1. Any idea how far apart residue 124 and residue 78 come out in nm if each label point goes 7 Å out from Cα toward Cβ?
2. Determine the percent antiparallel among the DSSP beta bridges restricted to segment 13-135, to the nearest 5.
3. Relative contact order for segment 89-151: what percent, with Cα pairs under 8 Å and sequence separation of 6 or more?
4. Round to the nearest 10 and give me the degree value, 0 to 90, for the angle of helix 49-66's Cα axis relative to the longest principal axis of the chain.
5. For segment 89-151, report the % of Cα-Cα distances exceeding 16 Å.
6. Below 8 Å, C-alpha to C-alpha, sequence gap of six or more: please give me the relative contact order for segment 1-98 in percent.
7. Regarding segment 53-109, what are the three Cα extents along the principal axes, ordered largest first, in Å?
8. So how far apart, in nm, are the two label points at residue 148 and residue 61 if each is 7 Å from Cα heading toward Cβ?
């Protein structure tokens, strides 16, 4: 399966980047009886439905030429969403000064989940500013301790 995804990334990434967007992720999954090839695309200004349609047209042409997937599938281009998972260290670096939700493999200070502003990341340790009962605190978390980190919406 990974070779199919690798090929789909090689086909889609240059098209997406040439159009001024960034490729966040590629998924190939079975949803019910239908296979879905999903490109998650973003930009500094977000992405709208018309932009997704344009990207879809260009990628579809290349996928038809190279035909990397044997099964019948649906091509989907979409935004990763407001609370998208940060999958790489680059994603985390690009999320500096944003509100994030962090889940840990093991508790730090008896807590396995933190929500706050990501204020620093040196590639190995990130610093989070968060509030506990109106008191502002900071915590350093090693990258290896994180089971999941995603953007969060502040209410």
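1. Label at residue 124, label at residue 78, 3.8 nm between them.
2. Expressed as a percentage, antiparallel bridges in segment 13-135 total about 75.
3. Values: 115 pairs, mean separation 21.5, N = 63.
This gives 34 percent for segment 89-151.
4. The helix 49-66 is inclined about 50 degrees to the chain.
5. Percent of Cα pairs beyond 16 Å in segment 89-151: 36.
6. Working: 106 pairs, mean separation 27.7, N = 98.
Across segment 1-98, relative contact order equals 28 percent.
7. Taking the Cα atoms of segment 53-109, the three principal extents are 54, 24, 17 Å.
8. Each label point is offset 7 Å from its Cα along the Cβ direction, giving 3.9 nm.
Each reported figure results from applying straightforward, stated rules to the coordinates on display, with no laboratory input. These numbers were taken from a predicted model, which means no experiment stands behind them. Glycine gets a Cβ as well: all are built from the backbone with ideal geometry, and neighbour counts include every protein chain shown.
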